[in-house]
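Chemist: Dropping a structure here in C-alpha cells format, bear with me for questions.
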Amino acid sequence: MTANMVAKLAVAGVIGVVVGAAVVATAAPEFNTRGNRFKPLAYAELTPAQRTYADKEIAGGRKPETGPFNINLRSPEMAELSRPLGDYLRFKAPSPRKLKEIAIMLTARYWGGQYVWYSHRQQALDAGLSPAFITAMAAGERPANMSPDEATVYDFCTQLLSTRQVSDANFKAMAALVGERGIVELVALMGQYTGLTMLFVVDRYPVPAGAPDEVNKPM
C-alpha cells in the first residue's frame with residue numbers, strides 16, 4: 001500500500017469520525033430524556049436495541065422528555081410488547097373514556113403515583129369528569145353528586161384496590177353497565193397502570209415544576 005493511499009485512508013477515517021460525531025451531536029439536543037433513579041440517558045449512550053426503539057418512538061411522534069420513555073429504554077423489548085395492549089385498552093376498548101380515566105386515576109391514587117396522576121388529570125377533565133370529582137379522589141374521599149355510571153365504576157375500582165375483592169353487587173352493577181367484556185378490559189387497564197405507576201414510583205420520576213402536589217403518598 002502506497003504512502004499516498006495510506007494518507008487518503010487516514011483522511012477518510014477522520015472524516016467518518018467527524019461525520020459520526022456530528023450525527024450524534026445533531027440527535028442529542030432533541031433527545032432530552034427525564035428520570036431520577038433511572039439516569040436520563042443520552043442518545044450517544046444507547047445500545048443498538050435501545051437506539052432502534054428510540055428512533056421508532058421518535059418517528060411516531062413521542063418525545064423522549066415525556067412519560068416512561070427513559071424507563072422503557074431499560075427494556076425496549078418489554079416496551080415494544082406492552083404498547084399494543086396499552087393502546088388497545090386506552091383507545092380502542094369500547095368502554096367510555098370517562099370510565100377508563102376513573103380507573104386510571106384511582107389506580108394512580110392508590111399507589112401515590114404523582115406523575116401518572118398529574119399526566120392524566122387534564123385527560124380526565126377532558127373526558128368529562130368534574131374538578132370536584134378529581135379533588136375528592138385526590139383526597140381519598142368518595143365524590144359527591146356522581147352520575148350512576150361514575151358511581152358504579154368508582155365503587156368497583158375502589159373496592160378492588162382497597163380490599164383485593166369485588167362484591168357480587170358491584171360485579172353485577174359493572175356487568176350491567178359495560179358487560180363482562182368491559183369488566184375484563186377495565187381490570188386489565190388497571191393492571192397496566194399498576195405496573196406503569198409502580199415504575200414511576202420506583203424511579204421517583206419528577207413532575208414538572210409547579211405541578212399540583214395532590215398525590216404524593218399511597219392510600
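The values are calculated or read from the model by the stated rules, or taken from the named source; none is laboratory data. Since the model is a prediction, treat every value here as computed from it, not as a measurement. Here the Cβ positions follow ideal geometry from the backbone for every residue, glycine too, while neighbour counts run over all protein chains shown. Surface areas here come from the heavy atoms of the whole protein model, side chains and all, with no ligands, DNA or RNA. Shrake-Rupley method; radii C 1.70, N 1.55, O 1.52, S 1.80 Å.
Chemist: Just one of Pro218, Pro208 is surrounded by fewer than 18 Cβ atoms within 10 Å (Cβ to Cβ) and either in contact with a Gly (Cβ under 6 Å, 6 or more places away or on another chain) or among the basic types (Lys, Arg) (or both); which is it?
Modeler: Pro218
Chemist: Given the conditions (1) at pLDDT 95 or above; (2) surrounded by 14 or more Cβ atoms within 10 Å (Cβ to Cβ); (3) part of a helix (DSSP H, G or I), which single one is not true for Glu77?
Modeler: Checking Glu77 against (1) at pLDDT 95 or above; (2) surrounded by 14 or more Cβ atoms within 10 Å (Cβ to Cβ); (3) part of a helix (DSSP H, G or I), the one that fails is (2).
Chemist: Would you mind finding the one in Asp203, Asp213 that is of a type in the set (Asp, Glu), at pLDDT below 95 and either farther than 28 Å from Glu80 by Cα or crowded, with 16+ Cβ neighbours inside 10 Å (or both)?
Modeler: The match here is Asp213.
Chemist: Here is a list of conditions, (1) at pLDDT 95 or above; (2) of a type outside the set (Val, Ile, Thr); (3) open to solvent by 50 Å² or more (accessible area, probe 1.4 Å); (4) assigned to a helix (DSSP H, G or I), and Tyr118 meets all of them except one; can you say which number that is?
Modeler: (1)
Chemist: Give me a count of the residues in the range 58-74 that are open to solvent by less than 70 Å² (accessible area, probe 1.4 Å), of a type in the set (Gly, Ala, Ser) and part of a helix (DSSP H, G or I).
Modeler: 0
Chemist: What are the residue pairs meeting all of these: first residue in the range 111-136, first residue of a type in the set (Asp, Glu), second residue open to solvent by 50 Å² or more (accessible area, probe 1.4 Å), Cβ atoms under 6 Å, and 6 or more apart or on different chains?
Modeler: none
Chemist: Tally time: how many residues in the range 156-176 are open to solvent by less than 50 Å² (accessible area, probe 1.4 Å) and not polar (S, T, N, Q)?
Modeler: The total comes to 8.
Chemist: Now a separate question. Within the range 65-89, work out how many residues are closer than 17 Å to Val207 by Cβ and in contact with a helix residue (DSSP H, G or I) (Cβ under 9 Å, 6 or more places away or on another chain).
Modeler: 6
Okay, residues lined up against (1) touching a His at 6+ places or on another chain (Cβ under 8 Å); (2) basic (Lys, Arg); (3) in a helix (DSSP H, G or I):
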residue: Gln123; (1), (2), (3): no, no, yes
residue: Gly128; (1), (2), (3): no, no, no
residue: Phe133; (1), (2), (3): no, no, yes
residue: Gly140; (1), (2), (3): no, no, no
residue: Pro143; (1), (2), (3): no, no, no
residue: Asp155; (1), (2), (3): no, no, yes
residue: Leu160; (1), (2), (3): no, no, yes
residue: Arg181; (1), (2), (3): no, yes, yes
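Chemist: Kindly indicate whether any position in the range 88-98 is under 27 Å from Leu125 (Cα atoms) and among the aliphatic types (A, V, I, L, M).
Modeler: For the range 88-98, residues under 27 Å from Leu125 (Cα atoms) and among the aliphatic types (A, V, I, L, M): present.
Chemist: Which residues, counting only those in the range 45-57, are surrounded by 13 or more Cβ atoms within 10 Å (Cβ to Cβ) and either in contact (Cβ under 8 Å) with a residue 12 or more places away in the chain or not in a helix (DSSP H, G or I) (or both)?
Modeler: Leu46, Ala49, Gln50, Thr52, Tyr53, Ala54, Glu57
Chemist: Continuing with the same structure: Can you tell me which of Ala108, Ala139 is closer than 23 Å to Phe200 by Cβ and surrounded by fewer than 16 Cβ atoms within 10 Å (Cβ to Cβ)?
Modeler: Going through Ala108, Ala139 in turn, the sole match is Ala139.
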